[in-house]
Amino acid sequence: MYKKILLFLAATSLNIIVLPKSSFAQTTGFQTPTGNIHCELVGEEQENLRCEIGSLLKPRPPQPYRGFCEFDWGGGLLLSDVGKPNILCISDTIRDRNKYVLPYGRSWSNGGFTCVSRSTGLTCTNTTGNGFFLSREKWRVF
């Protein structure tokens with residue numbers, strides 16, 4: 001009888017070790033299930049959300065003027081805590097295959113930003129309701 005109780009306690013204590021779902025909301029970044037989109041909080045106070053898309057923005061937006069970006073233009077978007085997002089001109093990357101994978105149908109929230117992962121694409125917003133939608137086929141800002 002004593003062994004059964006000890007076994008029961010050991011089995012139930014494993015449930016306590018499992019991280020709660022809410023703990024993933026506190027990660028500073030994530031990737032989509034396909035690995036095509038990676039997002040990370042950036043800035044001195046993590047006041048911006050940077051999302052890179054491996055397949056680039058489609059359709060590719062024109063640069064503000066010729067030679068504006070000498071690096072990778074249209075590799076993603078940068079969303080500040082207020083206002084609309086900006087198109088990235090990047091020479092580095094935040095891509096990391098070890099980032100938390102945000103499953104389809106789930107959301108991620110941190111620093112006033114919320115992102116929702118769907119099989120059709122990723123939607124992210126800031127506290128003022130501005131944001132963007134990213135997918136392999138299209139993108140838009142709002």
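FYI, it's all coordinate maths here, none of it is from the lab. Only a predicted model underlies this, so the values are computations on that prediction, with no experimental measurement involved. Virtual Cβ from ideal backbone geometry, glycine too; neighbours counted across all protein chains shown.
Sorted from longest to shortest, the spans of the Cα atoms of segment 19-141 along the three principal axes equal 49, 28, 25 Å. Whole-Hz Karplus values for segment 62-76 come out as x, 6, x, 7, 4, x, 4, 10, 8, 10, 8, 8, x, x, x Hz, taken residue by residue from phi with 6.51 cos²θ - 1.76 cosθ + 1.60 and θ = phi - 60°; glycine and proline positions read x. Global size of segment 47-116: 13.5, 40 Å for Rg and Dmax (C-alpha atoms, Rg to one decimal, Dmax whole).
Using per-residue counts of other Cβ atoms within 10 Å, averaged over each peptide, order 81-93, 40-52 from highest down. Could you put the intermediate results ahead of the total?
On the way: 81-93: 14.9, 40-52: 17.8.
Taking the mean over residues of other Cβ atoms within 10 Å, the ranking is 40-52, 81-93.
Sorting 113-122, 94-103 by their mean Cβ neighbour count within 10 Å, with the most densely packed peptide first, gives 113-122, 94-103.
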